[in-house]
Amino acid sequence: MRTITLTVNAKSVTATVEPRMHLADFLRETLLLTGTHLGCEHGVCGACTLLVDGAPVRSCITYAAACEGADITTIEGLDDDEIAARLRWAFSHEHGLQCGYCTPGMLISARDVVLRMPQAEERDIRVAMSGNLCRCTGYAGIVRAISRVLEERRQGAAASPTNPRSALGPAGSGHAAPFAAAHAAHPTHEPEGRSARPDRRPLPGGVRNDALGASQTMLRESFTVDYPRERVWAYFARLGEVATCLPGTSVLGTPTEDRVEIHMRVRAGPIVAVFEGAADVARDAAAYTGIIRGAAHDTRSRSATRGEIRYILREEKAGAATRVDMELAFVLTGPLAQFSRSALLRDIARRMTAAFAHNLQARLAGELDAMHARTPSAAAELNAGSLFVSALWSRIKAFVLALVRR
Ligand code: FES
Ligand code: FES
């Protein structure tokens with residue numbers, strides 16, 4: 001058993017919980033806050049969505065023990081919230097609910113959309129809400145209700161974002177474990193919106209991609225490999241080999257110098273996604289920058305993604321090493337979109353980058369061997385489900401360490 005102290009709906013709560021009890025059960029069974037509903041209990045349906053440190057989170061896949069010090073807001077805590085009140089009214093008037101089972105989670109996600117995406121159009125709303133499932137309404141009334149509240153606010157004074165989270169997540173960021181760059185290829189991670197390191201110049205063009213709409217997720221990732229920039233730059237031109245440095249990725253057909261088609265397998269909890277798609281690459285040799293634009297879909301989970309990666313290679317260690325700074329902007333749709341606002345997605349991106357950096361370093365070290373290989377082999381697939389356990393364990397470890405240091 002573990003004793004935790006956290007804030008729930010503005011009240012401090014101390015309780016003893018089983019390490020494996022999830023937050024939704026803790027709220028419903030210990031605190032009797034039954035407004036948080038449980039549907040799938042797999043992080044898929046969104047019924048259990050609530051706010052942790054102001055960001056929407058699936059409480060069925062969040063352990064209560066990991067919420068030490070967190071600020072939790074359930075639907076009961078939004079009784080006096082102005083936007084939640086307008087959304088409740090609009091859901092009622094636009095027939096945005098029937099049985100009401102999905103409604104608490106819908107309202108919490110909708111409130112986040114209203115705060116974060118004041119200019120959202122119908123398509124943006126549908127994408128942003130695609131991680132909340134409703135078995136009754138057909139969604140039309142829900143989308144109309146959110147549009148109505150957004151329109152009201154556009155007519156009034158609140159047409160710019162009022163939520164300090166101008167970028168998404170990470171949820172519970174005040175309690176996230178610091179990323180330990182223990183990998184051989186020294187990956188580092190910097191969530192969008194945090195202050196940049198002093199030597200960090202912005203990439204040309206910035207990270208936001210207007211073509212992706214208001215619901216895009218933006219991330220920054222960096223890693224360093226122990227090879228000179230010219231060598232890394234030359235290797236990046238070999239698209240087939242570079243693509244297969246991504247875990248679970250193999251190349252379809254023969255890549256050209258500016259296009260590669262790939263097959264990528266990712267496991268995220270109960271969902272196994274097998275993405276197939278293509279990426280177009282444009283490089284600027286003078287600036288050591290590149291832009292990768294791609295789209296892929298997964299026929300199994302009916303998820304799809306499209307996005308853009310900008311990268312720049314910078315010299316380090318007096319030219320002996322190269323740091324690769326990347327900015328990613330992408331949109332996920334379908335069942336996997338449920339993860340687009342979660343810390344889990346950032347953990348996946350972080351681990352993907354670490355694995356990519358490790359594989360790239362290994363390929364550079366054995367470059368001659370790789371040149372003689374007929375087909376670069378795909379690195380082992382990434383299991384995001386195990387990453388979730390690992391990320392959670394990291395947070396619990398950080399919490400225990402903080403206690404010990406007190
Ligand atoms: S009950 Fe948590 S996402 Fe379905
Ligand atoms: S209103 Fe019944 S599940 Fe959405």
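Per residue and in Å³, how big is the convex hull formed by the alpha-carbon atoms of the stretch 2-77? Provide the component values of the computation, followed by the final result.
Details: hull volume 5.5 nm³, N = 76.
Taking the convex hull of the Cα positions in the stretch 2-77, it is 72 Å³ per residue.
Relative to the present Cα-Cα distance, how much length would full extension add between T14 and C136 at 0.36 nm per residue of separation? Provide the component values of the computation, followed by the final result.
Numbers: separation 122, 0.36 × 122 = 43.92 nm, distance 3.76 nm.
Length gained, T14 through C136: 40.2 nm.
How do H297, H358 rank when sorted from fewest to most other Cβ atoms within 10 Å of their own Cβ? Walk me through the intermediate numbers first.
Numbers: H297 17, H358 20.
Listing H297, H358 from fewest to most nearby Cβ atoms yields H297, H358.
Using θ = phi - 60° and the Karplus relation 6.51 cos²θ - 1.76 cosθ + 1.60, list the HN-Hα couplings for the stretch 30-41 in order, rounded to whole Hz, with x at every Gly or Pro.
Running phi through 6.51 cos²θ - 1.76 cosθ + 1.60 with θ = phi - 60° gives 8, 9, 6, 8, 8, x, 7, 9, 10, x, 7, 6 Hz.
Taking amide H atoms as placed 1.01 Å from N in the peptide plane, list the residues 5 or more away in sequence, or in a different chain, whose amide H sits under 5 Å from that of A55.
The answer is G172.
Using DSSP to define loop residues, name the trypsin sites (Lys or Arg not before Pro) in the stretch 55-162 whose beta-carbon has at most 16 other beta-carbon atoms within 10 Å.
R135
Work out from phi, with θ = phi - 60° and the Karplus expression 6.51 cos²θ - 1.76 cosθ + 1.60, the ³J(HN,Hα) of each residue of the stretch 119-127, listed in order in whole Hz, and give x for Gly and Pro.
9, 4, 9, 4, 4, 4, 5, 4, 5
Measuring from the lowest to the highest alpha carbon on each principal axis, how far does the stretch 91-155 reach, largest first, in angstroms?
Reported extents, whole Å, longest axis first: 31, 23, 18.
Any chance you could get the radius of gyration and Dmax over the Cα atoms of the stretch 1-45, in Å?
11.2, 29
Tell me the label-point distance for the pair E41, A286, using the 7 Å Cα-to-Cβ offset, in nm and rounded to one decimal.
Placing both labels 7 Å along Cα→Cβ, they lie 6.1 nm apart.
Give the residue list of trypsin sites (Lys or Arg not before Pro) in the stretch 1-39 that are DSSP loop and have at most 13 other beta-carbon atoms within 10 angstrom. Don't skip to the answer; put the middle values down first.
Working: sites: R2, K11, R20, R28; in loops: R20.
Here the trypsin sites (Lys or Arg not before Pro) that fit, given the DSSP loop and packing criteria, are R20.
For the stretch 9-62 and the stretch 224-303, what is the separation of their C-alpha centers, rounded to whole Å?
With the stretch 9-62 and the stretch 224-303 each reduced to a Cα centre, they are spaced 37 Å.
Mind listing the long-range amide H neighbours of G39? Cut-off is under 5 Å, sequence gap 5 or more, other chains count too, H placed in the peptide plane at 1.01 Å from N.
Counting only residues 5 or more places away or on other chains, the set is A47, C48.
In whole Hz and in residue order, list the ³J(HN,Hα) couplings for the stretch 328-334 that follow from phi through the Karplus curve 6.51 cos²θ - 1.76 cosθ + 1.60, θ = phi - 60°; x for Gly and Pro.
Per-residue couplings from phi come out as 10, 9, 8, 10, 10, 10, x Hz.
On full extension of the chain, what length is gained from D226 through A365, given 0.36 nm per residue of separation minus the C-alpha to C-alpha distance? Could you put the intermediate results ahead of the total?
Values: separation 139, 0.36 × 139 = 50.04 nm, distance 0.94 nm.
Full extension from D226 to A365 adds 49.1 nm.
For a quick check: with amide H placed at 1.01 Å from N, whose amide H comes under 5 Å from G248's, ignoring anything fewer than 5 positions away on the same chain?
Placed amide hydrogens put A379, A380, E381, L382 under 5 Å from G248.
Under a plain spin-label model, where a point goes 7 Å from the Cα along Cα-to-Cβ, how far apart in nm are S92 and D79?
1.5
Quick note: the coordinates plus some simple rules give every number you see, no bench work behind them. Here the structure is a predicted model, which means the values were calculated and not measured. A quick note on method: Cβ atoms are made from the backbone with ideal geometry, for glycine too, and the neighbour counts reach across all protein chains shown.
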